Structure formats: C-alpha cells, structure tokens
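Colleague: Quick one: structure below, then a few questions.
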2 protein chains.
Amino acid sequence: MSPQLEDLFSFLRFASVSTDSRHSGDVRACAEWLRGKLSGMGLIATLHETPGHPVVLAKNAHLEGRRTVLIYGHYDVQPVDPLELWTTQPFEPVLRDGKILARGATDNKGQMMAHVLGVEQTLREEGDLPVNLIFLFEGEEEIGSPNLAEFLRQHREELRCDVIAISDTGMVAPGVPTLGYGLRGIVCCEVVLRGPKGDLHSGIFGGAVSNPATAIARLVASLHDDHGRVAVEGFYDAVKPLEGWEREMWASVPGVSDADFLDVTGAPALFGEEAYSSAERVWARPTAEVNGIGGGYQGEGSKTVLPAEAFVKLSFRLVPDQDPADIMRKVTDHLERHCPPGVQIEVKPGHDGKPYLVDPHSKFANAAQDALRASFGAEPVLIREGGSIPIVQTFRDILGVDTLLLGLALADAQVHAPNENFPVANFEAGIRMNRALLVELAKC
Amino acid sequence: MSPQLEDLFSFLRFASVSTDSRHSGDVRACAEWLRGKLSGMGLIATLHETPGHPVVLAKNAHLEGRRTVLIYGHYDVQPVDPLELWTTQPFEPVLRDGKILARGATDNKGQMMAHVLGVEQTLREEGDLPVNLIFLFEGEEEIGSPNLAEFLRQHREELRCDVIAISDTGMVAPGVPTLGYGLRGIVCCEVVLRGPKGDLHSGIFGGAVSNPATAIARLVASLHDDHGRVAVEGFYDAVKPLEGWEREMWASVPGVSDADFLDVTGAPALFGEEAYSSAERVWARPTAEVNGIGGGYQGEGSKTVLPAEAFVKLSFRLVPDQDPADIMRKVTDHLERHCPPGVQIEVKPGHDGKPYLVDPHSKFANAAQDALRASFGAEPVLIREGGSIPIVQTFRDILGVDTLLLGLALADAQVHAPNENFPVANFEAGIRMNRALLVELAKC
C-alpha cells in the first residue's frame with residue numbers, strides 16, 4: 001500500500017462521529033492526529049478550541065504578492081447506523097475492487113486528504129507551494145457547523161484569502177471532472193394541526209369534528225398544482241431563469257439523463273415541473289417537499305381513531321435569487337390561509353440557507369477547470385448541485401470570497417449510508433488535482 | 001357492600017384481557033367463574049370451547065309457548081396500558097364517589113352483570129323467569145369476535161330466539177334511558193404509495209421524482225370536497241335520508257348538542273357535512289376518516305429525506321343502506337383514479353361490517369322502551385350509534401333476529417382508556433331494567 005493510502009487509512013480509523021457525545025474523544029484524537037500530520041509536512045498547524053469540536057488550521061509561510069487560497073474540509077463523519085448493513089467495519093478501512101470502504105471515505109476524509117497529500121507532495125518536491133495556503137478543517141460539518149461562522153468572524157484577518165476551494169460535492173460520472181458553480185438554498189418548517197383535546201373514537205365522533213390527519217393532507221395538497229408546480233403565491237417571483245448555455249451543456253452531461261435518474265432512484269416514473277429536464281429540475285428549480293408526515297395510528301392493521309393532531313415536516317429548496325426569509329413568509333401566509341376549518345395551526349420555522357451561484361467563467365473558475373482537465377485528462381462539466389452547503393454562503397457573507405466546488409464524490413459512494421466508499425482512482429486524481437489547482441490559481 | 005356489588009367486584013378482579021396471550025389463563029378462569037355463578041343461580045350453564053377463548057351459555061328450563069330472549073355480553077376486556085395513568089389498580093375494583101373503578105366496569109362486565117343479577121333476583125323471588133332465557137357470553141369481543149359467527153352457525157338450533165338484547169352501548173346523559181335502533185357500518189383499508197426504491201436526499205433528487213408523502217396527501221385530499229362531503233363517486237347513492245321524527249327527537253336529546261360535542265371533544269370548532277347537526281352527522285351520515293397517516297422522517301427536528309413510500313389508513317363509517325363491499329369498490333376505483341403520477345398504489349382492504357337499523361316502534365322495541373321508562377323513571381330517547389357493533393349484524397344474518405340496544409354506558413366512562421368507571425346507579429338501574437325487560441318482552 002502506498003504511504004498516501006496508509007495516511008488516509010490512519011485518518012479513517014478515527015471514529016470522529018461529531019453528533020455522538022460518546023465519540024467526542026475520537027473527534028478530538030482525530031483533530032490532533034490531523035494537526036500532527038500537517039505540522040509534519042512543514043506547515044504551521046494549530047488546533048483551535050470552539051464550544052464544540054476543534055477547528056484545525058494550517059498555513060505555509062505566506063509571502064507578500066502571492067495569491068492566497070483557502071481549502072476547506074471536515075474531519076467529522078456521519079454516524080454508522082444501521083451497522084448490520086455494513087459488509088465491513090466502518091472504522092477499519094479496507095481496499096476492495098479498487099475502492100476504499102470506510103465511514104468518511106468519500107465524505108469528507110478521502111476528498112480532504114487528497115488535498116493534504118497533494119500539498120505534501122508539492123512541498124516535498126518543490127520546497128514550497130505556488131500560493132499562500134490556508135487549510136481550514138472543521139469537526140462539526142455533519143451537525144450543521146454550529147460554531148464555524150463565529151470562528152470565521154473571530155479569525156477574519158487570519159483567514160483573508162482570494163478564493164476558496166472545497167472538494168465535498170459530486171462528480172456526475174466516473175472519470176468526468178465536475179466543477180460546481182451553484183447550490184440550492186433551503187428553508188424548513190414543521191406544521192402541526194391540532195383538533196380534539198385527545199384521540200377520539202372515529203365511530204362515536206367521526207363526522208362531527210375536523211380530522212387533523214385529513215386536514216394536514218388537504219393543507220399539503222394545497223402546496224402544488226396538478227402539474228408539480230409550487231402553488232404558493234409569489235414563490236417563483238425571484239427565480240432566475242436558466243441560461244441557454246446551461247440547458248445546452250446539461251443536456252449532454254453524462255450521468256444525469258432522465259434514464260439515469262430513473263435508474264438511480266428506482267422510481268416507477270419521473271415527475272416534476274413541466275418543460276424542464278431532470279437535471280434542470282434538481283439543479284435550477286425550487287421545490288416544496290414533504291420530508292415527513294404523521295398522525296394517528298402507525299402500527300399494524302387498523303385502529304379506528306380520530307387523531308388529536310397531525311404534523312408535516314416541509315423543506316423548500318431554493319434557487320437564485322430566492323430569499324429564505326421571504327419564502328418562509330410566503331409559505332407561512334399560504335399555510336395559514338389554506339388551513340382547513342376545525343383545527344388550529346402552528347408553523348414552526350426550521351433552519352435555512354441561501355442559494356448560491358458563482359460565475360463559472362471567472363478567472364478562478366477557469367483555473368479550476370484547467371486543473372480538473374489536467375488531472376483527469378478529460379473535459380470538465382459545469383453543473384449546479386441540488387443540495388445545499390450553507391457554509392459556502394457563510395464564506396461569502398463573512399470572508400467575502402467565492403468558493404470553487406471541485407467534487408470527487410460519485411453517485412454510488414453511499415455517503416451518509418452503510419458501505420461508504422471512495423475509488424482509489426478518485427483519491428489519486430484528487431491529489432493531482434490539488435497540485436494542478438494551486439499552480440493554476442497562482443498564475444491566473 | 002351489597003352482595004350484588006360483591007359479585008361484580010369478583011367478576012372485575014379477573015384480568016380477562018383477550019388480546020394478550022399472557023392473560024389467557026385469566027380469561028379462562030373468568031369464564032369458569034361466570035359459568036359457576038350462572039349455574040349457582042339455577043340456570044343450566046355450559047362452557048364451550050372455541051379455537052380462541054370459551055363461550056359461556058346459560059339457559060333456564062325452556063317452556064313451550066313462551067317467548068325466547070337471548071341476552072348477549074362479553075366477559076373479556078381491553079388491555080390496561082398506559083397503566084401509569086390509572087389512579088387505581090385496574091383489576092382491584094374500588095368504589096369512589098358512587099362509581100365503580102376498574103377495567104371492564106362499564107365495558108362490559110358491569111352492564112352484563114346487571115342482566116345476570118336481574119335474572120338471579122327474579123329467579124329467587126319468582127322461582128322462574130317470564131321468558132325462555134339464553135345468556136350468550138363471549139370472551140373475544142375486544143378482538144373482533146373471530147370465532148362467534150362459527151359458534152352461532154354450529155349452535156343455530158340451540159340459540160333460536162325471538163329477540164336479542166345487548167347492553168354494550170351508550171346512554172346520552174346520566175339518568176336518560178336510551179334505546180339504540182341503529183349502528184353505523186364500517187369498511188377499512190390501508191393505502192400504500194411507493195416511489196423510489198429507497199429514501200432519497202431531498203436536495204439531490206427533490207423536484208425530479210414524485211414524493212410519496214406529497215402524493216398520499218393529495219390522494220387523501222381527493223376524498224372530500226371543501227364542505228366536508230365525501231367526494232367518492234356514488235358514495236351517497238344508497239344512503240337513506242333521515243326521517244322527520246328522528247331529526248325532531250334528536251334535536252332535543254340531552255348530551256348531544258353542538259355545545260356538548262365541543263365540550264366533550266375539546267375541538268377548537270365543529271366541522272362536518274353542511275345542513276346536519278352533530279348528532280345527525282355521527283348517527284346517520286357516512287364518513288371517510290384518516291385513522292393514521294405516515295411517511296418519511298418522524299423524529300425531532302428535520303431530516304431532508306424524500307421518502308420511498310407513504311401510507312394512509314382509512315375507515316369509512318357507513319349508514320343504511322350502504323353496502324361495505326360496494327363502498328370498498330367505489331373507494332378503490334376512486335383511489336386508483338386519483339393516484340398522483342410517479343408512484344405505485346396498493347390498496348389493502350381491511351375489516352368491514354354492515355350498518356344496522358331496526359324499527360324503534362316494533363312491539364319488542366316498545367317493550368324495551370317500557371322497561372327503560374319503568375327502571376329509570378324517565379322517558380327514553382331513541383338514538384342511533386355512530387360506532388359499529390358487527391356482531392349485531394351477524395346475529396341478524398345467522399339467527400335471523402333483531403337486537404335491542406339498551407345502553408348503560410356514560411360518555412365519561414373511560415371505556416378502553418385508563419380509569420374506566422361505572423356508576424353504581426347505572427348498575428342498579430340495569431338490574432331493574434333486566435327484570436322489567438323480561439316482563440315486558442313476555443307480554444308484548
């Protein structure tokens with residue numbers, strides 16, 4: 001095994017599950033190992049306490065007049081449940097059929113370590129990097145980065161940079177280098193409808209009072225028209241239309257055809273907003289989704305109960321230039337106006353994040369494309385992501401800098417799921433990509 | 001304590017929970033105690049095995065030319081969970097503020113024992129009963145009487161009778177004797193909608209595939225119009241309109257005004273089919289109710305999942321002359337026709353029971369009213385019940401005999417719930433009512 005794979009395996013052996021307090025020792029040990037690794041490479045590496053898990057920072061000696069590049073990653077991982085579905089031990093990485101199997105292999109230790117080891121190689125071979133580098137690695141990404149914004153504010157000067165690079169997103173297909181230039185935003189809420197003071201017998205009372213489970217269904221049904229379009233008034237007001245070149249490029253991006261979507265989701269048919277392709281629907285159109293709905297009897301068989309309450313958990317994916325606060329106001333108005341009679345409504349706002357869009361033809365983005373082209377030996381595609389990475393917007397808000405999304409994750413990487421994996425080929429391409437990226441960013 | 005209350009307390013001490021196999025010894029012991037009690041009174045009492053819990057039969061010596069009356073009851077009870085909400089031990093009956101507190105106090109041991117002890121009193125004082133009597137007591141009512149129909153078929157000759165009486169329904173208010181002459185029927189089903197092969201990330205895939213939780217909501221919403229009327233085509237075709245005298249009587253029945261419904265349900269407002277009172281809505285109008293709905297994330301906070309499937313458990317309360325099989329066909333057609341695109345639908349039929357209606361002015365019903373009037377010292381009201389007692393229809397189908405519903409249960413009896421109770425006054429009135437009933441039925 002190469003020393004680089006050995007380094008990654010050592011990193012993967014830490015059970016750095018940030019959400020589980022039983023693992024807080026593992027999270028810290030992982031951060032300390034990482035600081036040691038970075039320091040051993042010749043960087044100035046420091047561990048910073050936060051109210052939660054520590055942040056690890058590392059820099060080379062910064063020189064006046066050189067471009068400054070910040071590379072972000074996270075060393076914490078998702079929980080491993082359900083453990084019984086793993087074919088290997090999640091924290092004992094193994095190599096199988098050219099893939100590294102372990103929790104965090106793709107998300108995010110594998111991708112982040114490619115950057116670390118690219119820098120190590122450059123330092124060893126060249127003695128210095130072509131840029132002023134800042135590595136910023138946090139241990140709380142999987143729990144929503146609760147302390148990162150404050151850390152950025154406190155270290156704004158130290159973190160001043162020209163551009164940020166993150167490898168924590170997807171590649172559309174194996175061997176197809178992918179630059180992300182947009183993310184959907186999000187705004188969540190939970191709606192509770194309350195009717196009778198307790199569950200009622202549906203025979204004795206059914207027909208005389210509103211059924212909160214029926215009412216929540218009617219309320220949810222009011223969110224869309226019959227054609228899959230969100231029916232909240234003003235919902236699309238701020239949506240930027242797709243540009244011609246986007247539709248053209250996306251039509252030929254591998255891995256995201258309607259057939260691919262059918263295959264990967266296993267849905268009996270696709271369904272979405274009319275006149276848009278699947279890729280356009282997830283990358284550039286907003287949605288209203290039910291993440292959870294519940295009320296009444298949940299067990300086997302039947303129980304003739306008229307439930308006292310019912311809930312729905314909603315999330316809205318947003319695209320430029322929708323604003324989460326504006327959408328939440330419109331959604332709340334809609335829900336209150338469409339609430340069926342005989343129940344009381346409570347709308348509890350949840351977390352949100354703005355949508356993100358950068359110019360994929362800026363000098364930095366062009367440099368990133370050059371680096372991707374060189375390291376993968378193929379023409380990069382330009383995509384947006386359907387998901388949300390709120391930290392990208394936080395970087396823009398606090399540091400005033402845009403982010404390049406150089407994803408190395410494949411669709412079948414089993415991120416957040418059992419049997420997470422990362423191809424060795426992506427790991428090695430990631431190391432090459434880091435080296436090329438710093439060169440290209442230095443000269444662009 | 002009176003010997004009659006002592007008998008009831010002995011009966012209540014058996015934990016005859018029919019649904020719980022850990023209690024099957026208690027159920028049998030209860031049946032044997034009951035057989036012994038009936039036998040000690042001078043009746044010919046027998047215990048009959050079934051594939052489940054035993055049936056207890058008892059008769060006096062039948063005489064040619066006398067009317068034959070069958071009195072049905074059940075000696076099994078509901079489970080007691082949640083035990084921590086009881087203020088007493090459910091199987092250690094106590095007397096408090098004129099009420100008997102115990103599981104089964106109202107449903108059905110208290111009501112049924114009133115009949116037993118009425119018969120005992122008559123036998124002791126008169127030497128014989130004015131009618132040929134059959135007591136039929138089962139131990140499986142709370143689990144849907146799975147073996148009773150077969151028992152009725154096998155013992156059809158032995159159970160031949162002119163009329164059946166049951167005290168297992170409600171009184172509209174304390175001191176207001178109540179004769180039930182109708183029951184709603186029921187038909188249940190569970191609907192499952194399946195979309196993607198597994199739960200999806202709502203960011204990565206949201207917008208491109210149908211969300212089964214959204215789809216189930218839209219499907220449920222299709223079941224009613226905006227005014228609370230069921231929107232299934234042909235649903236109301238066979239519904240018998242209310243008669244003038246029913247609407248008139250029910251308007252003055254105590255305990256079932258709109259204010260009473262608001263008070264007892266605690267709903268923020270009443271809601272139901274336009275142009276009907278609450279009593280009319282639950283006693284004489286059919287419904288479509290959601291008993292349970294579920295799909296996606298059910299825990300605290302949010303999880304941005306697009307669920308693979310969602311379900312709804314539906315029940316339809318039916319009124320004369322709706323037929324459960326016909327309604328199930330219409331409902332299935334409706335569900336399949338209104339199923340949103342992009343998901344697969346499965347409709348699983350559940351249990352059903354026909355609605356029930358008898359002439360409340362037949363000679364037997366008039367005799368029952370006379371008995372109620374005499375034993376309570378008040379004018380009886382004639383009502384229907386919103387619930388379903390499938391066994392009543394089974395009696396009609398197999399024995400060809402109608403049933404009188406002489407309910408003694410109050411609205412606050414906590415039937416099926418913690419702190420079940422039965423007023424001593426109702427118990428004593430029930431004993432008097434049994435005696436008067438047999439006299440009136442003998443001479444009508």
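Colleague: For chain A, set up a GNM with springs between Cα atoms under 10 Å and report which of A:268, A:423, A:390 has the largest fluctuation.
Modeller: Maximum fluctuation in the GNM of chain A, among the listed residues, is at A:268.
Colleague: A follow-up question, please. Could I have the simple spin-label model distance between residue B:333 and residue B:359, label points 7 Å from Cα toward Cβ, reported in nm to one decimal?
Modeller: A separation of 3.4 nm, rounded to one decimal place.
Colleague: How charged is the neighbourhood of residue B:121? Take every other residue with its Cβ under 10 Å from the Cβ of residue B:121, and add Lys/Arg as +1 and Asp/Glu as -1.
Modeller: Surrounding charge for residue B:121 is 0.
Colleague: Another question, if that's okay. Between copies, how far does the label point of residue B:361 sit from its twins, in nm, shortest first, when each point is 7 Å from Cα along Cα→Cβ?
Modeller: Ordered by distance, the counterparts are at 8.8 nm.
Colleague: Next question. Counting Lys and Arg as +1 and Asp and Glu as -1, each charge on the Cβ, what is the dipole of the range B:215-329 about the Cα centre in debye, to the nearest 20?
Modeller: In total the dipole reaches around 480 debye.
Colleague: Could you tell me how many degrees, from 0 to 90 and to the nearest 10, lie between the Cα long axis of helix A:3-12 and the main elongation axis, the longest principal axis, of the Cα atoms of chain A?
Modeller: 30 degrees
Colleague: Turning to a different aspect of this structure: Out of all DSSP beta bridges with both ends in the range B:65-189, state the antiparallel percent to the nearest 5. Could the numbers behind the result be given before it?
Modeller: On the way: 4 of 15 bridges.
Given both bridge residues lie in the range B:65-189, the antiparallel proportion sits at roughly 25 percent.
Colleague: Within 10 Å of each Cβ of A:217-230, how many other protein chain Cβ atoms are there on average?
Modeller: Counting other chains' Cβ atoms within 10 Å and averaging over A:217-230 gives 5.
Colleague: Under the 0.36 nm per residue contour assumption, what length would be gained going from the current alpha-carbon distance of residue B:443 and residue B:248 to full extension?
Modeller: Residue separation times 0.36 nm, minus the Cα-Cα distance, leaves 67.2 nm.
Colleague: Related question: Taking amide H positions as placed 1.01 Å from N in the peptide plane, with prolines and chain starts having none, which residues 5 or more places from residue A:357, or on another chain, fall under 5 Å of its amide H?
Modeller: The list, which skips near neighbours in sequence, is A:183.
Colleague: Cut-off under 18 Å on the C-alpha distance; same-chain residues fewer than 8 positions from residue A:363 excluded. Which lysines are left, in chain and number order?
Modeller: The qualifying lysines are A:443.
Colleague: Further question on the same structure: Rounded to the nearest 0.05, what FRET efficiency do residue B:275 and residue A:96 give with R0 = 41 Å and r taken as the Cβ-Cβ distance? Could you check?
Modeller: That pair, residue B:275 with residue A:96, gives E of 0.05.
Colleague: How about the range A:41-113: which GluC sites (Glu not before Pro) there are in a DSSP loop, with at most 13 other Cβ atoms within 10 Å of their Cβ?
Modeller: Hits after loop and neighbour filter: A:49, A:64.
Colleague: Further, regarding this structure: So if we plug the beta-carbon distance of residue B:346 and residue B:396 into 1/(1 + (r/R0)^6) with R0 = 35 Å, what FRET efficiency do we get, rounded to 0.05?
Modeller: So, using R0 = 35 Å, E works out to roughly 0.55.
Colleague: Go through A:345, B:355, B:410 and say which Cα lies farthest out towards the positive end of the charge dipole of the protein assembly as shown; charges sit on Cβ, +1 for Lys and Arg, -1 for Asp and Glu.
Modeller: In the protein assembly as shown, that residue is B:410.
Colleague: Restricting to chain B, what percent of DSSP beta bridges are antiparallel, rounded to 5?
Modeller: So the antiparallel bridges in chain B amount to around 70 percent.
Colleague: To continue, here is another question. To one decimal in nm, how far is residue B:258 from the same spot in the other copies, if labels go 7 Å from Cα toward Cβ? Please give the shortest first.
Modeller: 5.2
Colleague: Would you mind pulling out the separation of the Cα centroids of the range B:1-50 and the range B:186-227, in Å?
Modeller: So the separation of the two Cα centres works out to 48 Å.
Colleague: Select from B:79, B:287, B:211 the residue farthest towards the positive end of the dipole of the protein assembly as shown; place +1 on Cβ of Lys and Arg, -1 on Cβ of Asp and Glu, and compute about the Cα centre.
Modeller: Positive-end residue among those listed: B:79.
Colleague: Moving on. What value, in deg cm²/dmol to 500, does the helix sum -39500 (n - 2.57) over DSSP H runs of n ≥ 4 give at 222 nm once divided by the residues of chain A?
Modeller: My calculation for chain A gives -10000 deg cm²/dmol from helical runs alone.
Colleague: Follow-up question, since we're still on this one. Could you run the Karplus curve 6.51 cos²θ - 1.76 cosθ + 1.60 with θ = phi - 60° over the range A:380-389 and give me ³J(HN,Hα) per residue in whole Hz, x for Gly and Pro?
Modeller: Each residue of the range A:380-389 in turn: x, 9, 10, 9, 10, 10, x, x, 10, 10 Hz.
Colleague: Just to be sure I understand: with springs between alpha-carbon atoms less than 10 Å apart, which residue in B:151, B:135, B:11 has the highest mean-square fluctuation in the Gaussian network model of chain B?
Modeller: Highest fluctuation among the options: B:151.
Colleague: If you don't mind, another one. With charges only on Cβ, +1 for K and R and -1 for D and E, what is the dipole size of the protein assembly as shown about its Cα centre, in debye, rounded to 20?
Modeller: Numbers: 80 positive and 122 negative charges, 52 e Å.
Computed charge dipole of the protein assembly as shown: roughly 240 debye.
Colleague: Here is a follow-up. Add +1 for every Lys or Arg and -1 for every Asp or Glu among the other residues with Cβ under 13 Å from the Cβ of residue A:429, and state the total.
Modeller: Its environment carries a net charge of +2.
Colleague: While we're on this one: Considering only B:90, B:376, A:301, whose Cα is most displaced toward the positive end of the charge dipole of the protein assembly as shown, charges sitting on Cβ of Lys, Arg (+1) and Asp, Glu (-1)?
Modeller: Final value for the positive-end residue is B:90.
Colleague: Nearest 10 degrees is fine. How inclined is helix A:390-399 to the longest principal axis of chain A, computing both from alpha carbons?
Modeller: Between the helix axis and the principal axis of chain A, the angle is about 60 degrees.
Colleague: Also, I was wondering about something else. I'd like the antiparallel share, as a percent to the nearest 5, of DSSP beta bridges with both residues in the protein assembly as shown.
Modeller: 70 percent
Colleague: A further question on this structure: So, counting K/R as plus one and D/E as minus one, what does the shell of residues with Cβ under 12 Å around residue B:371 add up to?
Modeller: +2
Colleague: From the phi angles alone, apply the Karplus equation (6.51, -1.76, 1.60; θ = phi - 60°) to the range A:79-94 and give each ³J(HN,Hα) in whole Hz, x where the residue is Gly or Pro.
Modeller: x, 9, 4, x, 4, 5, 8, 6, 8, 10, 7, x, 10, 10, x, 9
Colleague: Below 8 Å, C-alpha to C-alpha, sequence gap of six or more: please give me the relative contact order for the range B:1-117 in percent.
Modeller: It rounds to 27 percent for the range B:1-117.
Colleague: Using only the Cα atoms, work out Rg/Rh for the protein assembly as shown, with Rh taken as the Kirkwood radius, to two decimals. Intermediate results must be reported in sequence, preceding the final value.
Modeller: On the way: Rg = 35.4 Å, Rh = 31.5 Å.
Reported Rg/Rh, Kirkwood definition of Rh: 1.13.
Colleague: Rounded to the nearest 0.05, what FRET efficiency is calculated for residue B:425 and residue B:50 with R0 set to 41 Å and r the Cβ-Cβ distance?
Modeller: 0.70
Colleague: Going by amide H atoms built from the backbone, whose H comes under 5 Å of the H on residue A:319, apart from near neighbours?
Modeller: A:185
Colleague: Can you work out ³J(HN,Hα) from phi for every residue in the range A:46-52, in order, using Karplus 6.51 cos²θ - 1.76 cosθ + 1.60 and θ = phi - 60°, giving whole Hz and x for Gly and Pro?
Modeller: So the Karplus estimates, Gly and Pro as x, are 9, 10, 10, 6, 10, x, x Hz.
Colleague: How large is the dipole of chain A about the Cα centre if only Lys and Arg carry +1 and Asp and Glu carry -1, each at its Cβ, rounded to the nearest 20 debye?
Modeller: Values: 40 positive and 61 negative charges, 82 e Å.
So the magnitude is around 400 debye.
Colleague: Where the label is 7 Å out from Cα toward Cβ, how close does residue A:379 come to the same position in every other copy, in nm, shortest first?
Modeller: 9.2
Colleague: Pull up all non-local amide H partners of residue B:200: gap of 5 or more, or a different chain, and H-to-H distance under 5 Å with H placed in the peptide plane.
Modeller: Close amide H contacts, sequence-distant or interchain: B:306, B:308.
Colleague: Using only Cα atoms and rounding to the nearest 10 degrees, what angle (0 to 90) does helix A:109-126 make with the longest principal axis of chain A?
Modeller: Roughly 20 degrees between the two axes.
Colleague: Please tell me the relative contact order of chain B in percent, rounded to the nearest whole number, where contacts are Cα pairs under 8 Å and at least six residues apart.
Modeller: The value is 26 percent.
Colleague: Specify the residue with the greatest mean-square fluctuation among B:304, B:50, B:88, computed from a Gaussian network of chain B linking alpha-carbon atoms under 10 Å apart.
Modeller: Evaluated over chain B, the most mobile residue of the options is B:304.
Colleague: If you take all C-alpha pairs in chain B, what percent of them are over 27 Å apart? Walk me through the intermediate numbers first.
Modeller: Details: 56822 of 98346 pairs.
Summing the P(r) tail past 27 Å for chain B gives 58 percent.
Readers should treat all values here as calculations from the given coordinates under stated rules, not as data from a laboratory. Quick caveat, the model's predicted, so the values are computed rather than measured. Ideal geometry is used to build each Cβ from the backbone, glycine not excepted, and the neighbour counts take in all protein chains shown.
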